[in-house]
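Right, one structure below, let's go through it.
Please treat every number below as a calculation from the coordinates, not as lab data. This is a predicted model, so every value here is computed, not measured. Please note: Cβ atoms are built from the backbone with ideal geometry, for glycine as well, and neighbour counts cover all protein chains shown.
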Amino acid sequence: MTRLVNPLPALSDGGAARLPRRLLLALLLAGAAGAALAAGGAPAGLPLKAGVFEPPRQAPEFALRGSDGAEVSLARFRGKVVLMAFGFANCAAVCPVTLGTLAEARRGLGPAAEAVQVVFVTVDPERDDAAKLKAYLAAFDPSFVGVTGAPAALAAMRRDYGVTARRQGTGNGYVMDHSSSIYLIDRAGKLRAQMPYGHAPGDFVHDVKLLLAS
Amino acid sequence: MSSALPAALSTDSPAAAARPRLARAPALATLGLALIALATLACAAFAPIVPASRDELFEIPHGTWARRMAGEKVEILPPTITLTLGLNDVLLLRNADEVPQTFGPALVMPGQSFRLPFAVASTYGFACSAHASGQLAVIVEPHPAPGWATLRWRLRRLAAASRR
């Protein structure tokens with residue numbers, strides 16, 4: 001004798017009565033599917049506002065002429081957090097904003113600012129000698145140190161940090177088109193992070209405090 | 001009267017009682033499916049999005065430099081990247097190749113990653129030597145509001161995932 005199997009168990013006698021319960025189950029499953037679309041889990045922690053390098057590498061060392069008359073190297077500032085920017089004194093837009101931001105960040109740090117050194121590396125050694133850099137930087141914060149040197153040495157340094165700089169225009173009125181991130185180097189001389197242009201002073205204060213504490 | 005009718009035609013018989021229920025079954029099933037679809041859409045539109053990770057990862061695979069040296073055109077980063085605040089607002093660039101790579105705004109060493117968070121919805125432009133234009137644009141959109149914006153975000157993510 002052939003045993004018949006009902007292909008629609010839900011619709012057999014009494015199935016219609018059970019349908020709401022099955023619908024409820026299906027709705028619950030649908031809810032779970034919708035929730036699964038969101039994908040559960042905790043968001044990753046982001047300790048710094050800047051872009052973080054993992055693992056950090058030793059910041060490329062250099063030895064160039066400083067606006068304070070002494071040779072500037074990273075080793076000279078070991079034990080401090082170094083905020084390093086690339087630019088030029090004739091820059092009309094980006095560099096004044098960057099340096100103004102860093103000056104305000106230093107003021108915002110209070111006594112901790114003593115453990116921070118801002119270094120401004122020129123991408124325009126033709127016009128930016130040590131004296132010009134000193135006068136230019138003093139308008140923002142006299143503690144800032146400028147760096148200049150031979151064009152080849154500065155080009156090598158830019159290559160080491162992934163900085164781009166390109167001369168635009170001719171004559172004395174030329175400008176330098178350059179990348180505008182600020183590099184954050186910790187007390188041990190490791191390149192920890194890179195802050196894109198446009199961040200508020202408070203973001204630097206936040207990150208520097210974390211780097212000083214680490 | 002009814003007892004005089006054949007059992008198959010009698011409305012009192014169990015088979016006759018089941019017939020209207022069976023006739024309603026397709027309509028109920030359709031209604032059920034419609035409700036399920038509606039519930040899924042409502043859930044996708046109004047359930048808060050809790051991402052497993054806010055990282056939007058781009059990786060330079062091992063051997064990329066060798067392929068480029070062999071004359072192959074290898075594009076890793078699209079010219080424009082779209083992120084959403086609170087959901088996928090961290091650009092994670094990883095270099096799995098053997099040589100340093102300028103990757104978006106950063107020079108990334110072999111085996112190193114660069115994790116760049118965004119906190120403000122805006123369009124960001126970066127110098128990027130990896131692109132022919134020399135520019136990388138990152139569009140950071142605001143967190144989608146519950147409802148249509150959330151649903152659209154989820155559908156867009158699903159579409160992007162299906163393209164991969």
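Structure data summary
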read-out	value
FRET efficiency estimate (nearest 0.05) - Cβ-Cβ, residue A:54 to residue A:135, R0 30 angstrom	0.15
Longest to shortest principal axis, alpha-carbon extents of region A:89-214, angstrom	46, 29, 24
Kirkwood Rh and Cα Rg combined as Rg over Rh, evaluated for region A:56-109	0.99
Residues B:109, A:176, sorted so that the one with the fewest Cβ neighbours within 10 Å comes first	B:109, A:176
Within-9-Å neighbourhood charge of residue B:113 [Cβ basis; K, R +1; D, E -1]	0
Sites matching chymotrypsin sites (Phe, Trp or Tyr not before Pro) across region A:111-194 that sit in DSSP coil, with at most 16 neighbouring C-beta atoms within 10 Å	A:174
Sequence-distant residues sharing a close amide H with residue B:59 (under 5 Å, placed H)	B:94
Ranked list, fewest to most other Cβ atoms within 10 Å of each Cβ, for B:153, B:65, B:148	B:148, B:65, B:153
Filter on A:80/A:134; A:190/B:73; A:49/B:73; A:132/A:190; A:80/A:190 - keep pairs with C-alpha separation over 23 Å	A:190/B:73; A:49/B:73; A:132/A:190
Computed E for residue A:112/residue B:34 - FRET, C-beta separation, R0 56 angstrom, nearest 0.05	0.35
Segment residue A:213-residue A:168, length gained on full extension (0.36 nm per residue, minus Cα span)	12.0 nm
Sequence-distant residues sharing a close amide H with residue A:57 (under 5 Å, placed H)	A:191
Using θ = phi - 60° and Karplus 6.51 cos²θ - 1.76 cosθ + 1.60, couplings along region A:48-53 (whole Hz; Gly, Pro as x)	10, 7, 7, x, 10, 8
Other-chain or far-sequence residues with amide H under 5 Å of residue B:143's (modelled H)	B:85
Using alpha carbons only: equivalent-ellipsoid semi-axes of chain B, gyration tensor based, whole Å	59, 20, 12
Helix B:14-46 axis, angle to chain B major axis (alpha carbon atoms, nearest 10°)	20 degrees
Among A:142, A:208, A:153 the positive-end extreme of the charge dipole of region A:140-214 (Cβ point charges)	A:153
Radius of gyration and maximum dimension Dmax of region B:37-83, Cα, Å	18.6, 53
More than 18 angstrom apart: percent of Cα pairs within region A:38-131	60 percent
Cα→Cβ-extended label distance, 7 Å offset, between residue B:96 and residue A:152, nm	4.0 nm
Whether region B:83-164 is rounded, prolate or oblate, judged on the alpha carbon gyration tensor where a/c under 1.5 counts as rounded	prolate
Proxy reagent accessibility, fewest Cβ within 10 Å first, across A:185, B:36, B:139, B:60	B:139, B:36, B:60, A:185
3J(HN,Hα) from dihedral phi, region B:80-93, Karplus parametrisation 6.51/-1.76/1.60, rounded to Hz, x for glycine, proline	10, 10, 10, 10, 10, 4, x, 10, 9, 10, 10, 7, 10, 10
Derived scalar couplings ³J(HN,Hα) [region A:147-158; Karplus, 6.51 cos²θ - 1.76 cosθ + 1.60; whole Hz; x for Gly, Pro]	10, 9, x, 5, x, 5, 5, 5, 5, 5, 5, 4
